[in-house]
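Undergrad: Take a look at the following structure, please.
The values are calculated or read from the model by the stated rules, or taken from the named source; none is laboratory data. Keep in mind the model is a prediction, meaning the values are calculated, not measured. As a convention, Cβ positions derive from the backbone with ideal geometry for all residues, glycine included, and neighbour counts pool all protein chains shown.
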Amino acid sequence: MAALPASASELHASQICLAIRAIPRGATRSYAAVARAAGIPGRARLVARVLARTDQIVPWHRVVRADGRIAFPTDSAHFVEQIEKLRSEGVVLKNGKVVRSNSLDARLWG
DNA sequence: AGAATGACAGGAA
DNA sequence: GTTCCTGCCATTC
């Protein structure tokens, strides 16, 4: 039995978590793309809020900003951690930004 | 109730 | 190509 959502946002949070888990290994998606996959286009900031609050196990490191940049400050521990995980999955990073040259992934971004 | 904040995005300079 | 400013939405003070 699913728990009763205390608010509409928590219902979306579930969808957001699923959308993030659906990201293939070695691929990255923008917050807007995740929001869109979750059925709430335009709520990119809501995705960020959910990631910051949820205690669910999700590949949060695969979610980056629209320009491919990491969402954390460069001096943050999270910043390094995210890069480490991405590189571990074969994601190529260029000057602190994610390089997306995969033809198939490029389509998924649209 | 009003103002400030945040793991963002898009357009302009 | 990068940097800065504004807009959006939900939560928090």
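Undergrad: What pairs come out if I take residues in the range A:85-107 that are at pLDDT 90 or above and pair them with residues that are surrounded by fewer than 11 Cβ atoms within 10 Å (Cβ to Cβ) whose C-beta lies under 7 Å away, six or more apart or interchain?
TA: Pairs found: A:GLU89/A:ARG25; A:LYS97/A:ASP67.
Undergrad: So A:GLY39 fits all but one of (1) part of a loop (DSSP other than H, G, I, E, B); (2) more than 8 Å from DNA strand B (Cβ to nearest atom); (3) within 20 Å of A:LEU86 (Cα to Cα); what number is the exception?
TA: (3)
Undergrad: Let me ask something else. Going by the conditions given, is A:ALA71 assigned to a loop (DSSP other than H, G, I, E, B) and near DNA strand B (Cβ under 8 Å from one of its atoms)?
TA: yes
Undergrad: Can you tell me which residues in the range A:44-67 are part of a loop (DSSP other than H, G, I, E, B) and near DNA strand C (Cβ under 9 Å from one of its atoms)?
TA: A:ASP67
Undergrad: Sticking with this one: I need a count of the residues in the range A:11-36 that are among the aliphatic types (A, V, I, L, M), in a helix (DSSP H, G or I) and closer than 19 Å to A:LEU86 by Cβ. Working first, answer last.
TA: Going through the range A:11-36, the residues among the aliphatic types (A, V, I, L, M) turn out to be A:11, A:13, A:16, A:18-20, A:22-23, A:27, A:32-35.
Now drop any that are not in a helix (DSSP H, G or I), which leaves A:11, A:13, A:16, A:18-20, A:32-35.
Now drop any that are not closer than 19 Å to A:LEU86 by Cβ, which leaves A:19-20, A:32-34.
Selection size over the range A:11-36: 5.
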